Structures are given as C-alpha cells and as structure tokens.
Amino acid sequence: MNLQKAIICFVSFWLSICHISAQQLSGKIVSREGNIIPYANVFLLSNQDSSFVRGTVSDENGQFLLPSYTHNDILKVSAIGYSVGYFTCKGDSLGNLELKDNAKQLNEVVVKGHRNYVKTTNMGITISMTDNPLSKLGTALDAIKQMPLIDAIGNDISVLGKGTPVFYIDNRKVRDNNELSQLSSQNIKNVEIITSPGAKYEADVKSVIIIHTKKKELGWAGIARVSGVFSEMSHGMADLDFSYNSDKGLGFYANGDYEGDGFKQKGYILEQFNSDLNTTKTNGKFKRCSQNIKLAVGSSYDFNDNSLGIRYEFRRTPSDKYDTRNIIETNVTSVSQNLSSTSEKFSQSSRHSLNSYAVFKFGKMKNYEFTTDVDYVYNLSSNSSNVEELGNSIENKIATANSAKNNIVAAKANLSARWKYVSLNLGGQYSFTRTQQTFGANVAEAKDFFEDSSDEERQHLSAGYIAANWKIGKKWSSRTELRVEYTDFTYLENGKIVPEQTKGFSDWLPYISINYQDGDYGFGLSYNTVVVRPSYKMLANSYTYSSHTLWFMGNPLLKSELDRNLELSFNYHQTSLAFTYVHCMRELASAYFYLADKQMNIYKVINLPNYNYFQITLGQRFNIGNWHPSLYGLLKVQNLKYGEPKNSYDTPRFSIIVRNRFDLPWKIYGYFDGMWIGRGNSSTNYTKNRVILDMGLNKSIGSWAFTIYWNDCFKLWHQVNLVETNGVSYYQNLKGASHNVFVSATYTFNKKKNYKGKGAAQSEVNRL
C-alpha cells in the first residue's frame, strides 16, 4: 500500500508540473530559411496599450518560455541581423516564429576589449569557442589542453584535483582520446568541464568533459590531418574523416587514422628490501615502438528533432614493443654481483565495437527527451615478456605470456523533462562483462609460488537513477540526485568458482548540491559518492617477471574503492576557489611486499585502509593587453597510515599550472605553459619536485591550421617517485620521452557530422 501511495503521489506531482508548464507561452525563433536563431530578445506586450509585461531570451536552440499571458497579447522579437518581428499570442504554443533578414548590412566593426569565454555553472565551467583563439589550434585535443582546470602532459588529460575525465562529443561517449584529434577545434561550439558529475553518469566518473559541436552542414564534409613528432624516436600520424548529410536528414560518415608512436627513456631505480638494507640498483635505457590503426563507419537519420543511428568501430594495435637494457648491481644474494639484463615486452590487441542509439523529443516545446543506447564490445589482447639476465653466478632466461578475451553487452535509457524552473532525469543501465585470461611462465624457480593458470570474471551490473535540477528564483539553484547500483560478480579459477571472490553487493550513490550565482559572483556546496572499480587486469591472477628480485602480479581479492566527497566552492569574475574533503574507503593503490624466503619483492595493487584527505584548488585568469595568463594551484593533505611496519603518508603536496597565451601580429597565437609538482604524498606514492615547460605557435589560413609545439623544451621533466610499503622501498627516477617537437597541418572542409549516441559500455571498456 505504501508503494502504491508513493507511485500515486509521484504521478500526481508529475502531472501537476505538466499542467503548470502548459500555462506557459512557448515558441521557437527561426529565420525564413528555417535556421535556428539563438539568444533572441523576446518581449511580451500588453494587447491594450502595448506596454511591456515581461521578457526573456531564447536559448541556444532558439526556444523560449514565458509565464502566463492574456489572449491577443503582442510578442516582440528582435535579434542582430534580423528585422524586428511582431506576433499575436493565440495559444500556449506559437510554434516557429520567423524573422526576416535585415537588408541593411553593417560595415566591418572592430571591437576592442577582452571577451570572457569562461562561464561558471553549478556543475563546473563552460568555455565558449565562438571567436575564441583556442578554436584555431587545429584539433579538439589541442584546444582542451589549453583550457582552465586542465592538467596535460603530452596527450594525457586530467582535470585538476578530479583525475582523468570521461569525454563526450555531443553527448556520445568517446572511447579513445585519439578521437579528439580527429575533431577540428573550429567545429566546436562550446566545451563543458564538469567537476561535479551527478547520478546520470556512471558511479566511477569523477569528472566529465562534454564537447558540443556546431550545427552540421549539408553535403560533404571532412577533415584531413597530418602530424609528426620529432625526437630521439620520431614518428608520424595521419587521419582522414568524411561525412555526407542530405537535406532529408540521412547522414553517413567514415573515418580512419594511423599512428606510429614511440619514445626513448633512461632512468635509475633503487630497491631496498628489508631492515638489513639489501639493495638492487638498476641503470636502464628504455625504448618503445607501437602502431595503431582505427576505422569507423556509421549512419544516422534525423527527423522532426528525433534521431536514429548506428556506429561500428575497429581498432587494432598490431605491434607494441617495449625494450629494456639494464645494468644491475645487487647484494641481495650472498654474493654481491653485477648483472646485465635485457628484456623485450611485446603486445598486440584488437577491438570491435558496435553502438546503436535513438533520440526522441516530444511535447509542445520538445522539452521531453527519451534516449537509449545499446553497445557490444569484443576485445582480444595478448602480451609476452622475455628477460635474459647474466652475472657472476646467475644466468636466467625467463618467458611469461598473458592473454585476455573480453565481451561486453550494455544498454541504457534516459527520460528527461525540463520546464522553466525544474528539470528531471530518470534512467537505468545494464551491462554484462565476461573476461577470460590465461597466464604462464617458463621459470622453474617461480613454480614454488606461481602456477600456470586461467581465470574468468563475469559481472552483471544494474543501475537506476533519478535526478532533479531546481531553479530557486533568479540566483539560487539546487541538484538532488540518487543512483543505485547492484553488482553480481563471479570469479572462476581454472574453471572452478572461487566462493570467497564471488559476491553480490549494492551501492547507494547520492548527490546533492545548492548553488548561488549573482552576476560574476557565486558559491556552491555539494556532496556526492563515487565508486572506483578495479580494472580486470588488476583482478587477474597474473604475474610478470621484471627482474630476479621483482615480480608484478594481479590481485583477485580487490574490492571497489568508495569516495565520499564534500565540496565548498566560490567564484568571482575570473577567480575560482574550492575546498574539498574526501573520505576514502578501500582506495586502490600500489604496494610492495618482501618475500624473505625467496629474497624477492612482489608488486601488486591493494585496498588501503580508510583515510581522509583535504584539498584546496585555486584558479585565476587575467587579460593584460595581448597577454592572457592563467594560474591554477592545488594543495592536497592526507592522513594515510598503512603497512607492516606501519608508515605515515602525510606530507602535503602542492602543484601549480601556469598558462600564457600571446596574441602576436598577423593573427599568430603563441603559447608558453609550465607545470610544477612539489614534493609530497598522494596515496602511497611520494613525488619529488618536478617541472615541465612547453611553448608553441599556431596560425590559421582559411581552412588550414598549422601548429608547432615544443614539449619539455628545456628537458626539465623527471618522473621521480618513491613508494615505501611493508619494509620495501622502491625509488624510480626516469627522464626522456617528454622532450619533443610536435608539428601538425589540418585541413577542414565543410563541417563534421555529429553522432548522437551516448554509449552504454564505456565504464566497462575503461576497465579492460
């Protein structure tokens, strides 16, 4: 009975809102040619004396809503470049309101000043790309690397204080960041950087970047790009993208790209084993060469603001080779000795992905939307390692081999509705993942504690969510969301179910926030819970030989990490400040263990004991003539204690990112960026001071865009990490790979086709 009452109350509430919304005056502003006219001024005038009653502005889709009105009231509509239009109100919905082009053409107008391209929202920030110099950089990836709150090294993108984001292009999940290099920055309308994702997104998502593209053009469209990286391991990339859109709403597209990748590094590694201070010192040189191929085809059909589509994608890495040459000094065994070590790691993979989607909009203002996505992913991968060690009393030849096969089926659906003061989202998601992995080694001494094996993981994940966004007056807003997930996980080893690793569990993930925004000033308070699931490689019962004193292995006993976040944020004009408190439960972290009887270290990912951390994020942007600097800082403090013997990981860590854009003559844009990471702890990892400086130039000529970027131009970047756990100290100092010159030329003709599928399987794909 209580359930029935709840359903009746919910339906009544829904219908009441619909009734209220029906009292509103709605319409859509378009040109005579049917093109949307965004941000038009809409004024309601009295039918008695033409006096002003109320007004609004049409949204980016040309749509508007006005409260209750009187029959035969007059609607006045104006927009830049169009003649003023007058319309009589004869119903709740006026449909399309057409404006005539203004016959008077303006001469060229030069406006001096600095436009603020960044807008703060209750979910993060939005960057407009209209007339933004970032739109000239060539690709979406190039532009995003220069945006506020972005921490970028090479092609690795993270949001400051929020980790690696999930990317969307027009609400479709991006499966590989290489896809960002195929989208021209000139085709982007705006970019949302969401630092507070809600229940609509998967539970393990901590940040989201949504790229909204410009309206598609009819006919043929495309982008061609060639680029090269010049360093000790020079390589090149090429991609080509074509699309065709008919005036009947039918569209086709195909794209492909090839990338050769590689780098050289050298480094120093020190392992300390136990209280006796037994050590292994390694001086090594590392080289990596890889090839990647991608092909994608798809089709879509748009009709009456609705859309259907299907997309197939094939990715292949035919070769990924990593070579190491080491000189090792060790005193772990009874006799100190020097070793020479060579190793080769070879891997290859292939992936087939199929996605279909549907988008249906309905209601008088098309304010109701139903979307659904279905995904199938099939992935194969294999890797092998061959190590040869030669010393005074040691001669080892070790070979290991691992392989994996993954099948993912996923589906999701979402129903959304928006009115003037409230919007609702109601949805669900289901995925089934099956992963099969095999492992083996030929080293006899390893058989005492490692066995050739195979394992299999099967996971059923079901989720449902409801989310409501409220506008409270003109300045206040609120988000209330709840996501519930149920996971049924089965683990099999050598074909037999392992009961202690087979489990079913639920996660309740709330999100609540309240925000205030008055012009350039605002603040917000939010609370949410995030789940971080271990990758299937972490869960595998695998092992990889690194040296005669170090093995890497998986951990099938891992549990999901759970983070509870409380955040208070402020913004004023071009200044932003956020305080974040996180209660971290079962964090996934790196740890080392010493096996005394084997005189060997073991590395694996573990679940840490619960602990808390606090961080402060500060951002400031400036416009000083033709110089546009921005500064971002992050301070993180944690109170983690872990290990046997127990160790404290509580050294604060401070990071600074500085970006500079210079508007040079002949519409050339120059960039000079720097990042400094101070010493301190993050989880079990201790980093020492490190710095990197990059500089670049960009110039656009018609449909061409040229970019040259000098990464790590002064060769300052060192990857310096120290992990001390359970009596084992592992210190690593690597340099190289980051120093290179990147050159690209991009040609864009017409516009790029938008694909509206949102992807249902991405969270599982990320775990492969």
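The values are calculated or read from the model by the stated rules, or taken from the named source; none is laboratory data. The structure presented is a predicted model; accordingly, all values stated were derived computationally and were not measured. Positions of Cβ are generated from backbone atoms using ideal geometry, with glycine treated the same way; all protein chains shown enter the neighbour counts.
I want to confirm something. Restricting to the stretch 612-631 and keeping residues that are surrounded by 18 or more Cβ atoms within 10 Å (Cβ to Cβ) and modelled with pLDDT of 90 or more, which single residue is nearest to Y536 (Cα to Cα)?
Checked the stretch 612-631; the qualifying residue nearest to Y536 (Cα to Cα) is Y613.
Give the residues of the stretch 550-569 that are closer than 25 Å to V387 by Cα and surrounded by 22 or more Cβ atoms within 10 Å (Cβ to Cβ), sorted by residue number.
W551, G554
Of everything in the stretch 271-296 that's modelled with pLDDT of 85 or more and small (G, A, S), which residue is farthest from the chain's Cα centre (by Cα)?
Filtering first and then ranking leaves S290.
Kindly list the number of the only condition in (1) buried (at least 18 other Cβ atoms within 10 Å of the Cβ); (2) hydroxyl-bearing (S, T, Y); (3) under 22 Å from I677 (Cα atoms) that fails for S648.
(1)
Any residue in the stretch 74-98 that's surrounded by 13 or more Cβ atoms within 10 Å (Cβ to Cβ): show its pairings with residues that are of a type in the set (D, E) and assigned to a loop (DSSP other than H, G, I, E, B) at Cβ separation under 8 Å, as long as the two are six or more apart or on different chains.
Filtered contacts from the stretch 74-98: C89/D73.
Looking for whichever is modelled with pLDDT of 85 or more and under 30 Å from H548 (Cα atoms) here; the options are Q437, Q429, Q459. Which one fits?
Only one candidate qualifies: Q437.
Which one of L577, L664 is surrounded by fewer than 18 Cβ atoms within 10 Å (Cβ to Cβ), more than 24 Å from G524 (Cβ to Cβ) and in contact with a Leu (Cβ under 9 Å, 6 or more places away or on another chain)?
Of the residues listed, the single one that is surrounded by fewer than 18 Cβ atoms within 10 Å (Cβ to Cβ), more than 24 Å from G524 (Cβ to Cβ) and in contact with a Leu (Cβ under 9 Å, 6 or more places away or on another chain) is L664.
Can you confirm whether W470 is surrounded by fewer than 16 Cβ atoms within 10 Å (Cβ to Cβ) and of a type outside the set (V, I, T)?
Answer is yes for this residue.
Among (1) out of contact with any Ser or Thr (no Cβ under 9 Å at 6 or more places or on another chain); (2) under 30 Å from T126 (Cα atoms), which single condition is P609 missing?
With respect to (1) out of contact with any Ser or Thr (no Cβ under 9 Å at 6 or more places or on another chain); (2) under 30 Å from T126 (Cα atoms), P609 is out only on (2).
Taking A705 and the conditions (1) farther than 30 Å from T748 by Cβ; (2) at pLDDT below 90; (3) assigned to a strand (DSSP E or B), which numbered condition does it fall short on, given that it satisfies the others?
Of everything listed in (1) farther than 30 Å from T748 by Cβ; (2) at pLDDT below 90; (3) assigned to a strand (DSSP E or B), A705 misses just condition (1).
Considering only the stretch 708-723, how many residues are in a loop (DSSP other than H, G, I, E, B) and either acidic (D, E) or closer than 17 Å to R661 by Cβ (or both)?
2
Do you know which of the residues in the stretch 679-702 that are modelled with pLDDT of 90 or more and either part of a loop (DSSP other than H, G, I, E, B) or not assigned by TED's automatic domain parsing to the domain that holds N647 (or both) is farthest from the chain's Cα centre (by Cα)?
Only one residue tops the list, namely R679.
Got a sec? Which of S353, S403, S381 is under 23 Å from Y201 (Cα atoms), surrounded by 15 or more Cβ atoms within 10 Å (Cβ to Cβ) and at pLDDT 85 or above?
S353
Would you mind finding the one in S385, S349, S381, S356 that is among the hydroxyl-bearing types (S, T, Y), part of a strand (DSSP E or B), within 22 Å of Q265 (Cα to Cα) and touching a residue at least 12 places away in the same chain (Cβ under 8 Å)?
Just a single option satisfies the conditions, and that option is S385.
Quick check on L250: is it more than 18 Å from the chain's Cα centre (by Cα) and under 30 Å from A417 (Cβ atoms)?
Judged against the criteria, L250 is a match.
Looking at E500, is it charged (D, E, K, R) and surrounded by 15 or more Cβ atoms within 10 Å (Cβ to Cβ)?
no
Keeping to the stretch 83-94, report how many residues are modelled with pLDDT under 80 and farther than 8 Å from L25 by Cα.
Within the stretch 83-94, residues that are modelled with pLDDT under 80 and farther than 8 Å from L25 by Cα number 1.
If we keep just the residues of the stretch 133-147 that are part of a loop (DSSP other than H, G, I, E, B) and either touching a Lys or Arg at 6+ places or on another chain (Cβ under 8 Å) or not assigned by TED's automatic domain parsing to the domain that holds I188 (or both), which is nearest to K699 (Cα to Cα)?
Checked the stretch 133-147; the qualifying residue nearest to K699 (Cα to Cα) is G138.
Would you pick out the residues in the stretch 503-524 that are surrounded by fewer than 16 Cβ atoms within 10 Å (Cβ to Cβ) and of a type in the set (V, I, T)?
Within the stretch 503-524, I512 is the sole residue that qualifies.
I'd like the full set of residues that are more than 22 Å from N379 (Cβ to Cβ) and either assigned to a strand (DSSP E or B) or touching a Pro at 6+ places or on another chain (Cβ under 6 Å) (or both), limited to the stretch 290-323.
Matches in the stretch 290-323: S299, S300, Y301, D302, F303, N306, S307, L308, G309, D323.
Looking only at the stretch 604-611, decide whether some residue is at pLDDT below 90 and either assigned to a strand (DSSP E or B) or surrounded by 20 or more Cβ atoms within 10 Å (Cβ to Cβ) (or both).
No, the stretch 604-611 contains no residue that is at pLDDT below 90 and either assigned to a strand (DSSP E or B) or surrounded by 20 or more Cβ atoms within 10 Å (Cβ to Cβ) (or both).
Determine the pairs where a residue that is under 30 Å from Q599 (Cα atoms), located within the stretch 256-271, has a partner that is hydroxyl-bearing (S, T, Y) and part of a strand (DSSP E or B) with Cβ atoms under 6 Å apart, the partner being 6 or more residues away or on another chain.
I269/T282; L270/Y731; E271/T280; E271/Y730
Given the criterion within 25 Å of C289 (Cβ to Cβ) and surrounded by fewer than 16 Cβ atoms within 10 Å (Cβ to Cβ), identify the matching residue among E395, E344.
E344
Go through the residues of the stretch 713-733 one by one and say whether even a single one is at pLDDT below 80 and among the charged types (D, E, K, R).
Looking for residues that are at pLDDT below 80 and among the charged types (D, E, K, R), one finds none in the stretch 713-733, hence no.
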